[in-house]
Amino acid sequence: MAWMKKILRVDLTAGTCTSEPLNMEWAGKYLGQRGLATKYLCEEIDPKVDPLSPDNKMIYATGPLTGTCASTGGRHSVITKGALTGAIACSNSGGWFGAELKFAGWDMIIIEGKAPSPVYLMIENEDARLLPADDLWGTTTWHTEETIKARHGDPQIRVSSIGQAGEEGVLFAAIVNDLHRAAGRSGVGAVMGSKNLKAVACRGTRGVAVNDPKAFMAATAAGKKVLVENAVTGQGLPTYGTQILMNVINESGALPTRNHRDAQFEGANNISAEAMAETRKTDGKTNLLTKQACFGCTIACGRISQIDQTHYTVVNKPEYWGASGGLEYEAAWALGAANGVDDLECLTYANFLCNEYGFDPISFGATVGAAMEMFEIGAITTDDTDGLELKFGSAEALSTLAELTGKAEGFGKIIGMGSKRMCEKYGHPELSMSVKGQEFPAYDARGIQGMGLGYATANRGACHLRSYTVASEILGLPEKTDPLVTEGKAALVKAFQDATAVVDSSGLCLFTTFAWSLDDIGPQIDAACEGDWSVDNLMAMGERIWNLERQFNMQAGFTGADDTLPKRLLTEAIKSGPAKGKVAGLAEMLPEYYELRGWTADGVPTDETLARLAL
Amino acid sequence: MQKSLHIIAEKCTGCLQCEMACSYDNEGVFNPSKSRIKVFNFHEQGRFVPYTCTQCADAWCMKACPVDAIVINQQTGAKEVLEDVCVGCRVCTIACPFGTINFNTDTGKVIKCDLCGGDPECAKACPTQAIVYIDADWTGLDRMKDWAGKTDTQPDAQA
């Protein structure tokens, strides 16, 4: 129960859709979503495969709690070999699409091969078909979603699609569902585009049942109570969204600014949650219109924003005057502080474009930051940028590059390579602020030491959502640790990584973990699913998933040498603020981390470790 | 004293917990497509609006039913569908001006809100109190109180 126990296998080359039973033995070891789909991917593809070749596969995966009344139980993930990184990719999204897939009767969709011409997958309960998408190709995710709903005459269809960025092979292209929720990172949208798959549309009328309904209703009700009574999930996130962090992280001296040249941004307050709620002088309205919850979420951190109609980015463009997905903290940082841009309306516009054209605002913003630094040191000139003045702080440069990158035109095509390839192209690989080819999110590893170790070892490349030690190091959850010291961080990172792998495999949202521990989550999973899902078993499973992903990456060609950080973070001390004088103390943490993981000094899981984890 | 489901749309976040509670109570599974309450997303306006049967006093559905399958629960005031009497003719779905009674193809009967016998699950599940179950004669009481609080008829002590 909770699982639908069915997989949809779509062979794009052959044009077939077939139903298979879910491998319940694997479900018992990997639960669902991130863990279970990674197991399938590892069994079905050669990790050395070119991510953009037909031999790569991509899996849409839900968790057992997706589509239930557990708070935040609406998540799905896309698991594949990442186009940006060449590493295992697992990009998690909210909205309503994941739950709809369950209601149609499917736990997962495994997509393989490549369609001879553009198609979209239409799922109505057990009926799944590939339909021509020639007329949708070359259009945005917003247009695609609207068109598919209208074509099938059903506004209750949920759509997950790529925009032009995914079609054109922008290496950090995202897959966008429900207009502004996204499987955002690692270039999963480019993989989808390489397969000529424009969209997956879904409508389901089947129900999701649980194993022990009485225990499940009690456990989920108890969980909701914990969320509402917690200051972060009950007040901070619903009121301010994740943007509550902008001023907090800036004040802690760990807000990467201008491609990590600085760690505090003088314009942070202008792009913060507080600024979003302020009345604009121009039109008397606020940027933030309202909050929005994803499926089943009792937190509601999502932002719905409206752009000032007189702002230069949207004047004469009424299609951007309506409300849509507003800035989350990561996007506001990447589009703003990373480039020194503090124009809130411009950032909101760029964020709309990220959703509409389907690309990751974090990697995009960070890559623009790297380009601006190369421009400032003269490594690239207006000859390279089609005349664009890429100066730090230029809102015009940012909005223009967002337009160009979405369509992979002009210098936007270069930005679309991601910072690693772009900086290598111009002879400055050291200016790419990335790990395993993926750009950093919004926390400076020098000012929050645990994040440095987390970035270096994250299986999908630099990522805050694999071990969010910010919770402990800055917010004091579940207990406060000093962000400037390395001591104890190896164990902290490992614990966060393993627990996160559990949450990402369940169908729940990671943001619950500001309030929930596995003691809150375990009983919900245990009541929903057959089998023993005690906290101990879940933690062991989290570690198993982490090591399975690690094995995939090692077989793909990564080694311990890739568990590192850019030279800037390791050698250039932060110049001012509370973290002044700090560099990332990775060397002090990594050996201990390997040891705690049961890996060799080179970062290879030992046979004993693999045996202990039943791998 | 009868109660009514009362909706305060501005509080709704679109989480659909109400739809899941409704479907679970009625169908035993989580299945918003069989919910008697629906949340509508007016995306460009940034508005979510839950909507369900208001239990009309002079109910169009009940009057239209040719087999008297819709009856009043005297205790709650709800218009309830008698499943074993309903013949699935769907005349009520045409008669209802608000669209809140609908045909269920799985059972061949119509479904509508029955106030869960006087303890509506949707109101209990709503995390933001956008759906409340309150005195049917005084659904405006909170709004009256809000406005009353803004009314200043006291003499100005400083004058």
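The values are calculated or read from the model by the stated rules, or taken from the named source; none is laboratory data. What you are looking at is a predicted structure, and each value in this text was computed from that prediction instead of being measured. Heads up, the Cβs are rebuilt from the backbone with ideal geometry, glycines too, and the neighbour counts pull from every protein chain shown. Please note that ligands, DNA and RNA were not included when accessible areas were found on the heavy atoms of the full protein model with its side chains. Shrake-Rupley method; radii C 1.70, N 1.55, O 1.52, S 1.80 Å.
From the alpha carbon centroid of the range A:424-464 to that of the range B:91-110 is 56 Å. In this simple spin-label model, placing a label point 7 Å from the Cα along the Cα-to-Cβ direction at both A:Asp607 and A:Glu20 gives a separation of 3.1 nm. DSSP bridge analysis restricted to chain A gives an antiparallel fraction near 80%, rounded to the nearest 5.
Per residue of peptide A:293-299, the mean number of Cβ atoms on other chains within 10 Å of the residue Cβ is 6. Separation of the range A:485-502 and the range A:233-298, taken as the distance between their Cα centroids, equals 27 angstrom. For the peptides A:66-74, A:160-168, the ranking by mean Cβ contacts within 10 Å, running from highest to lowest, is A:66-74, A:160-168.
Each Cα pair under 8 Å and six or more residues apart adds its sequence gap; the mean of these over the residue count of the range B:1-104 is a relative contact order of 21 percent. Put simply, the amide H of A:Cys297, placed in the peptide plane, has neighbours under 5 Å in A:Thr72, leaving out anything fewer than 5 places away on its chain. The lysine pair tally for chain B, using Cα distances under 13 Å and a gap of 8 or more places or different chains, is 5.
Please find the FRET efficiency linking B:Gln129 to B:Thr151, where r is the Cβ-Cβ separation and R0 is fixed at 25 Å, and quote it to the nearest 0.05.
Working: r = 24 Å, r/R0 = 0.97.
That pair, B:Gln129 with B:Thr151, gives E of 0.55.
Per residue, the average separation of C-alpha pairs within less than 8 Å and at least 6 apart gives chain A a relative contact order of 16 percent.
Between the range A:366-404 and the range A:558-589, the alpha-carbon centres lie 26 Å apart. Annotation for A:Thr600 and B:Thr54: the two label points, set 7 Å from Cα along the Cα-Cβ direction, are 7.4 nm apart. Per atom type, the protein assembly as shown shows carbon and sulfur on 52% of its accessible surface, probed at 1.4 Å. The mean number of Cβ atoms from other chains found within 10 Å of a Cβ in peptide A:208-214 is 3, as a whole number.
Highest mean packing comes first when the peptides A:377-384, A:209-216 are listed by Cβ atoms within 10 Å, giving A:209-216, A:377-384.
Here is the P(r) of the range A:309-422: all C-alpha pair distances, binned every 10 Å from 0, give 15, 52, 29, 4 in whole percents.
Shielding value for A:199-206 is 2, the average number of Cβ atoms from other chains within 10 Å of each residue's Cβ.
Accessible surface buried at the A:B interface totals approximately 2100 Å², computed with a 1.4 Å probe on protein heavy atoms. When each of the peptides A:250-262, A:482-494 is scored by the mean number of other C-beta atoms lying within 10 Å of its residues, the order from highest to lowest reads A:250-262, A:482-494. The 1.4 Å probe gives accessible areas that order A:Arg550, A:Arg75, largest first, as A:Arg75, A:Arg550. For B:Arg143 and A:Thr382, what does the FRET efficiency come to when R0 = 51 Å and r is the distance between their Cβ atoms, rounded to the nearest 0.05? Efficiency, rounded to the nearest 0.05: 0.30.
The residues of the range A:63-83 occluded by other protein chains by 30 Å² or more of accessible area, set against the chain on its own, are A:Cys69; surface from heavy atoms, 1.4 Å probe. Per residue, the solvent-accessible area of the range A:2-53 (1.4 Å probe, heavy atoms of protein chains only, all protein chains present) comes to 39 Å². Semi-axes of the equivalent ellipsoid of chain B are 34, 19, 14 Å, computed as sqrt(5λ) over the eigenvalues of the C-alpha gyration tensor in descending order. Which helices, taking whole DSSP H runs in chain A, have alpha carbons extending 18 angstrom or more along the helix axis plus mean Kyte-Doolittle at least -0.5? Qualifying helices, which must be both long enough and hydrophobic enough, are A:213-229, A:344-357, A:361-376, A:489-503, A:535-556. Using only Cα positions of chain A, each an equal point scatterer, no hydration layer, compute I(q)/I(0) via Debye at q = 0.12 Å⁻¹ and quote the log10 values to two decimals. Log10 of I(q)/I(0), two decimals: -1.23. For the protein assembly as shown, with the dipole built from +1 on Lys and Arg beta-carbon atoms and -1 on Asp and Glu ones, taken about the Cα centre, which of B:Cys65, A:Trp546, A:Leu390 lies farthest toward the positive end? Selected residue: B:Cys65. Its residues counted as N, the range A:466-587 yields a C-alpha radius of gyration over 2.2 N^0.38 Å of 1.25. Dividing the convex hull volume of the alpha-carbon atoms in the range A:568-615 by its residue count gives 97 Å³ per residue. Overall size of the range A:133-186 from C-alpha positions, given as principal axis extents largest first: 34, 23, 11 Å.
Report the local net charge at A:Gln164: Lys and Arg +1, Asp and Glu -1, summed over other residues whose C-beta lies under 13 Å from its C-beta. Once positives and negatives cancel, what remains is -2.
Label positions at B:Gln75 and B:Met1, each projected 7 Å from the Cα along the C-beta direction, are separated by 1.8 nm.
For A:Thr282 and B:Glu10, FRET efficiency with R0 = 22 Å and r from the beta-carbon atoms, rounded to 0.05?
0.35
Placing a label point 7 Å from the Cα of A:Ser53 along the Cα-to-Cβ direction, the residues of the range A:66-88 whose backbone N falls under 19 Å from that point are A:80-88.
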